[in-house]
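Structure, as structure tokens:
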Amino acid sequence: MENYTICNCMQVTRFDVEEAMHDHDNFGSVEEAFKEVQAQTQCSTGCGGCYSKILDAISDVMHGY
Ligand code: FES
């Protein structure tokens with residue numbers, strides 16, 4: 001898969017999201033994973049416009065895409 005920027009404000013890429021999730025394999029929910037990814041990458045702390053794209057990416061990673 002090609003890397004791409006998901007959050008322009010904080011320059012967070014798809015790979016950054018994957019990496020932030022790698023240490024924690026067992027997230028109960030996408031929301032829980034989002035909190036962890038946000039804590040590590042600061043994604044979605046600017047305009048917030050990427051929020052749903054981040055959730056989509058997290059959900060893809062959780063499902064192994
Ligand atoms: S694009 Fe992610 S906070 Fe603005």
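Side notes on the structure shown:
- Cys residues of the chain counted as unpaired, since no other Cys beta-carbon is under 4.7 Å: Cys9, Cys47
- The Cβ shell under 13 Å around Ile6 holds other residues with a net charge of -4, Lys and Arg each +1, Asp and Glu each -1.
- Debye intensity ratio in log₁₀ form over the Cα atoms of the stretch 5-62, taken at each q of 0.12, 0.18, 0.21, 0.30 Å⁻¹: -0.21, -0.48, -0.66, -1.40
- Note on Lys35 and His22: their simple-model spin labels are 2.4 nm apart, each label 7 Å out from Cα toward Cβ.
- Distance (nanometres) between label positions extended 7 Å along Cα→Cβ at Thr45 and Thr5: 1.8 nm
- Accessible surface area normalised per residue over the stretch 16-65 is 60 Å², counting heavy atoms of protein chains with a 1.4 Å rolling probe.
- The stretch 5-62 - percent of accessible surface contributed by carbon and sulfur, probe 1.4 Å: 44 percent
The values are calculated or read from the model by the stated rules, or taken from the named source; none is laboratory data. Predicted, not measured: the structure shown is a model, and the values here were computed from it. Using ideal geometry, Cβ is built from the backbone for each residue, glycine included, and neighbour counts are taken over all protein chains shown. We work out accessible area using only protein heavy atoms, side chains counted, and drop any ligands, DNA or RNA first. Shrake-Rupley method; radii C 1.70, N 1.55, O 1.52, S 1.80 Å.
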